[in-house]
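The values are calculated or read from the model by the stated rules, or taken from the named source; none is laboratory data. Since we're looking at a predicted model, the values are computed, not measured. Here the Cβ positions follow ideal geometry from the backbone for every residue, glycine too, while neighbour counts run over all protein chains shown.
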Amino acid sequence: MKYLLFCCLAVFSCFSCKNTSSPNTAPTTAEPTGKGGSQDELDRVAINNVIHNFYKWYEANEKALVDINYIKGGKSSTLDHPKLDAYFALLSKSGYIGQAYIDSERAYLKNLEATAWKHENVEEETLTGLDYARLFCAQDWDIAFWKTAPITAQGLGTEKVTAMMTGEEGSVKREQKFELVKENGKWVIAKIVCD
């Protein structure tokens, strides 16, 4: 019995040591240690939560988003503006997407409609600019990565930060960049950077 207790204490000791960090490490996404956490620490946790919780929300609402077909086919493809408004309203309702993201994506789609889609029919082909999911910057993704990968943030102490999600998505090393801004005192995603 004495040896079992000693082994349990040794294992506990090993695991508790893993949670220490050196002063030169990159910003972490750990929960604040208490109510007295610094503003940067609180922002770092909030930013981490915004990104991860958005993708958890997406997983729960994917069908509703995909079912909003905001592109009309024909000789040239065009935007169905009431459906596009409904799509962005649903994204906005998540509470994690900011107005800057919606404005940027709306401009992106309007530009495609005015240029690339003039001679493309969505019913016959994949449209230019929509051959990947813009929320993931990819055609295929592992949702677990998006809900849990470590996130670091640069620009803390301001109203705009750049966050980097880094880790393994399946068997591939992945880095995904985000821009976040504070709207009404709350962090929201302003841009999902697709290279």
Q: State whether the residues of segment 134-148 include one that is assigned to a loop (DSSP other than H, G, I, E, B), among the charged types (D, E, K, R) and in contact with a helix residue (DSSP H, G or I) (Cβ under 9 Å, 6 or more places away or on another chain).
A: yes
Q | Residue, farthest from Leu79 (Cα to Cα), within segment 128-146, restricted to residues that are surrounded by fewer than 16 Cβ atoms within 10 Å (Cβ to Cβ) and in contact (Cβ under 8 Å) with a residue 60 or more places away in the chain | A | Ile143
Q) surrounded by 14 or more Cβ atoms within 10 Å (Cβ to Cβ), assigned to a loop (DSSP other than H, G, I, E, B) and hydrophobic (A, V, I, L, M, F, W, C) - does that describe any residue in segment 160-179? A) no
Q. In segment 180-195, is there at least one residue being exposed (fewer than 15 other Cβ atoms within 10 Å of the Cβ), closer than 18 Å to Gly98 by Cα, within 14 Å of the chain's Cα centre (by Cα) and modelled with pLDDT of 95 or more?
A. yes
(Q) Just to be sure I understand, how many residues within segment 137-195 are among the polar types (S, T, N, Q) and under 18 Å from Lys56 (Cα atoms)? (A) 3
Q. Out of segment 72-131, which residues are of a type in the set (Val, Ile, Thr) and assigned to a loop (DSSP other than H, G, I, E, B)?
A. Thr115, Val122, Thr126, Thr128
Q: Provide a single number: the residues in segment 115-165 that are of a type in the set (D, E, K, R) and either within 24 Å of Tyr55 (Cβ to Cβ) or within 20 Å of the chain's Cα centre (by Cα) (or both).
A: 7
Q) Can you tell me which of Lys18, Lys35, Lys63 is surrounded by fewer than 11 Cβ atoms within 10 Å (Cβ to Cβ), at pLDDT 95 or above and of a type outside the set (Gly, Ala, Ser)? A) Lys63
(Q) Suppose the filter is more than 29 Å from Asp142 (Cβ to Cβ), touching a Lys or Arg at 6+ places or on another chain (Cβ under 8 Å) and of a type outside the set (S, T, N, Q); does Leu79 pass it? (A) yes
Q) Counting only residues that are among the polar types (S, T, N, Q) and either surrounded by 15 or more Cβ atoms within 10 Å (Cβ to Cβ) or closer than 21 Å to Phe136 by Cα (or both), how many does segment 38-60 have? A) 3
Q) Restricting attention to segment 114-127, does a residue exist that is surrounded by 15 or more Cβ atoms within 10 Å (Cβ to Cβ) and modelled with pLDDT of 90 or more? A) no
